[in-house]
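Each remark here refers to the structure printed beneath this line.
The values are calculated or read from the model by the stated rules, or taken from the named source; none is laboratory data. Bear in mind that the values here come from a model prediction, so they are computed numbers and not experimental data. Here the Cβ positions follow ideal geometry from the backbone for every residue, glycine too, while neighbour counts run over all protein chains shown.
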Amino acid sequence: MPSSRRRYLRGCIATLGLASAGCLGSNGYVETSPIGTEAIPESEDGTDTHTQSEQTDSSVAWRQSLGSAITAPPISTGSRLYVGTESGRVKSLATADGSQQWSYDVNDPIRSQPIHVGNSVFVVSGKEGLYEDQVVVALDAESGAKQWTFSPGEWWLAMLGATEELVYVGTNTDAPSKEGRTLYALAVSDGSVQWSGEIGDQDEGVVHNGTIYVASHGRFYAYDAETGEKRWTNDVADYYSQTMVATDDTLCYAADVDETHGTLIGVAADTGETVWRHDDGSVASTTLHDGTLYAGGTHVAALDPSTGEQQWRAQQSGYVQQAPVQNGLLYAGGDVLRSYDSSDGEPNWTWEPDADVEGVVPAAVVSDTLYVDSWTDDDPRNRFKFALDATTGTKRWAFDAERDLTDVSVGETRAYVAAADTVYALE
């Protein structure tokens with residue numbers, strides 16, 4: 001989480017926050033030349049690096065050292081886990097035991113968490129210096145063989161979303177602007193440019209119901225996701241990162257409006273016209289579940305995303321973004337973790353961490369386990385992960401890596417985090 005956002009959360013929501021260690025111009029010809037080396041089924045030194053956990057901590061199912069600092073947090077897709085390193089390797093690990101399935105060397109550091117679409121895995125690779133041109137690499141998810149690369153020669157790249165047919169990539173520079181950057185829609189099959197359009201330096205993107213929405217520095221853009229037709233643009237001051245959610249009718253997000261911090265806004269999905277505003281306290285986080293918009297900030301609240309009508313509001317502050325509603329419970333973080341009945345906002349249980357952390361944030365629920373991220377002002381800032389019983393709030397375990405961890409990524413049965421050069425599978 002950016003430091004400016006952490007400062008806001010501290011001031012507006014007490015000790016609430018999370019320190020992440022780790023969450024499209026012209027249609028001219030763009031070269032997609034080969035890079036890197038062929039996929040190999042070994043580690044950097046040519047030997048299998050699979051290591052069953054030697055820790056006594058029962059929370060660790062297995063751990064795997066990759067031999068290089070992990071720069072792209074792991075992502076699970078069922079039986080596979082994909083992760084990227086500073087040395088430029090993309091690796092596929094078996095989620096069952098951490099054994100390496102394949103490794104592909106892209107030569108330059110991996111800069112993005114992998115995206116998995118169909119039979120492909122996409123990453124951004126490259127250096128972060130001035131005028132360094134990054135590249136998108138598409139790999140076969142099963143074998144690690146290179147499928148294609150995309151290098152527009154426009155500085156840094158960010159993957160903003162994907163469908164079964166298209167992956168969306170934005171360009172960025174070191175001077176944030178609300179215009180002058182490019183959104184590319186690339187064919188998943190071969191990386192060819194299907195369309196492109198102007199955007200600014202991006203915070204994030206959302207693809208929903210045939211539209212891609214891009215929150216860029218000072219301006220929102222909406223494009224037809226298939227044809228690239230520009231639908232609308234809106235200037236937005238002080239957008240709150242990762243609060244953009246979309247329904248079929250409405251795009252919702254939080255921003256500062258008329259010197260009012262954290263105003264929640266709903267705009268018409270097809271025109272960008274503002275249809276409602278919610279300024280009952282400051283909003284710094286959102287999540288959408290089963291047709292209800294949940295907001296977190298100075299209060300936790302539930303709203304109708306089409307009208308902005310408030311359905312209920314809790315008195316407590318909280319952060320709701322990462323974990324959606326599960327089994328009728330909404331989870332909200334802060335200096336403590338709370339659960340609420342999602343239908344009426346009635347408090348269910350409260351859990352307070354016993355470790356030395358400033359705040360906790362719900363990350364995800366797998367089966368009956370709620371995984372929790374944490375943050376502190378002291379280094380390492382993202383040191384602890386927790387697991388709670390999702391129904392009762394009883395702590396099951398605390399995992400302490402004694403160094404910065406990535407945010408939690410979950411699969412079908414476990415959670416995954418990384419620290420330095422090691423991936424951990426947590427029960």
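The table below gives the values:
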{"item": "Total residues in the range 220-233, condition buried (at least 19 other Cβ atoms within 10 Å of the Cβ) and in a strand (DSSP E or B)", "result": "5"}
{"item": "Looking only at the range 154-163, and only at residues there that are within 19 Å of the chain's Cα centre (by Cα) and either of a type outside the set (Gly, Ala, Ser) or within 23 Å of Asp238 (Cα to Cα) (or both), the one that is surrounded by the fewest Cβ atoms within 10 Å (Cβ to Cβ)", "result": "Thr163"}
{"item": "Thr243 vs. criteria of a type in the set (S, T, N, Q), crowded, with 23+ Cβ neighbours inside 10 Å and either under 28 Å from Asn348 (Cβ atoms) or at pLDDT 95 or above (or both)", "result": "yes"}
{"item": "Search result, residues across the range 399-420 that are surrounded by fewer than 17 Cβ atoms within 10 Å (Cβ to Cβ) and within 17 Å of Asp97 (Cα to Cα)", "result": "Glu412, Thr413"}
{"item": "Tally, over the range 67-91, of residues that are of a type in the set (A, V, I, L, M) and touching a His at 6+ places or on another chain (Cβ under 9 Å)", "result": "1"}
{"item": "Residue satisfying condition, being outside any strand (DSSP E or B), in contact with a Phe, Trp or Tyr (Cβ under 8 Å, 6 or more places away or on another chain) and within 30 Å of Arg89 (Cβ to Cβ), within set Gly161, Gly153, Gly191, Gly170", "result": "Gly191"}
{"item": "Candidate set: the range 317-336, residues that are touching a Gly at 6+ places or on another chain (Cβ under 7 Å) and not in a loop (DSSP other than H, G, I, E, B); chosen: the one surrounded by the fewest Cβ atoms within 10 Å (Cβ to Cβ)", "result": "Gly334"}
{"item": "Any chance Asp373 is assigned to a strand (DSSP E or B), surrounded by 17 or more Cβ atoms within 10 Å (Cβ to Cβ), charged (D, E, K, R) and touching a Ser or Thr at 6+ places or on another chain (Cβ under 9 Å)", "result": "yes"}
{"item": "Options Asp404, Asp421, Asp377, Asp373; residue that is at pLDDT below 90 and on the phi < 0 side of the Ramachandran plot", "result": "Asp377"}
{"item": "Residue within the range 111-132 that is over 28 Å from Leu183 (Cβ atoms) and of a type in the set (Gly, Ala, Ser) present", "result": "no"}
{"item": "Subset of the range 337-370 (residues that are in a loop (DSSP other than H, G, I, E, B) and of a type in the set (Asp, Glu))", "result": "Asp344, Glu346, Glu352, Asp354, Asp356, Glu358, Asp368"}
{"item": "Residue among Ser143, Ser151, Ser177 that is closer than 27 Å to Asn234 by Cβ, surrounded by fewer than 20 Cβ atoms within 10 Å (Cβ to Cβ), out of contact with any helix residue (DSSP H, G or I) (no Cβ under 9 Å at 6 or more places or on another chain) and polar (S, T, N, Q)", "result": "Ser177"}
{"item": "Scan of the range 173-188 for residues that are in a strand (DSSP E or B) and either under 14 Å from Trp148 (Cα atoms) or not hydroxyl-bearing (Ser, Thr, Tyr) (or both), ordered by number", "result": "Arg181, Leu183, Ala185, Leu186, Ala187"}
{"item": "Of all residues making up the range 115-150, the number that are polar (S, T, N, Q) and either assigned to a strand (DSSP E or B) or on the phi > 0 side of the Ramachandran plot (or both)", "result": "4"}
{"item": "Residue within the range 111-123 that is within 15 Å of Ser151 (Cβ to Cβ) and at pLDDT 95 or above present", "result": "yes"}
{"item": "Condition met for Asp248 (within 27 Å of Val137 (Cβ to Cβ), outside any strand (DSSP E or B) and in contact with a strand residue (DSSP E or B) (Cβ under 8 Å, 6 or more places away or on another chain))", "result": "no"}
{"item": "Any pair with Cβ under 6 angstrom, 6 or more apart, that starts in the range 57-70 at a residue that is within 17 Å of Val410 (Cβ to Cβ) and ends at one that is at pLDDT 95 or above and of a type in the set (D, E, K, R)", "result": "Trp62/Asp97"}
{"item": "Hits in the range 278-296 - residues which are within 19 Å of Ser343 (Cα to Cα) and either more than 19 Å from the chain's Cα centre (by Cα) or in a loop (DSSP other than H, G, I, E, B) (or both)", "result": "Asp290, Gly291, Thr292"}
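Per-residue answers, yes or no, for (1) surrounded by fewer than 21 Cβ atoms within 10 Å (Cβ to Cβ); (2) in contact with a helix residue (DSSP H, G or I) (Cβ under 9 Å, 6 or more places away or on another chain); (3) among the charged types (D, E, K, R); (4) more than 19 Å from Glu132 (Cα to Cα):
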{"position": "Ser68", "(1), (2), (3), (4)": "yes, no, no, yes"}
{"position": "Pro73", "(1), (2), (3), (4)": "no, no, no, yes"}
{"position": "Ser79", "(1), (2), (3), (4)": "yes, no, no, yes"}
{"position": "Ser87", "(1), (2), (3), (4)": "yes, no, no, no"}
{"position": "Val90", "(1), (2), (3), (4)": "no, no, no, yes"}
{"position": "Leu93", "(1), (2), (3), (4)": "no, no, no, yes"}
{"position": "Ser103", "(1), (2), (3), (4)": "no, no, no, yes"}
{"position": "Ile110", "(1), (2), (3), (4)": "no, no, no, no"}
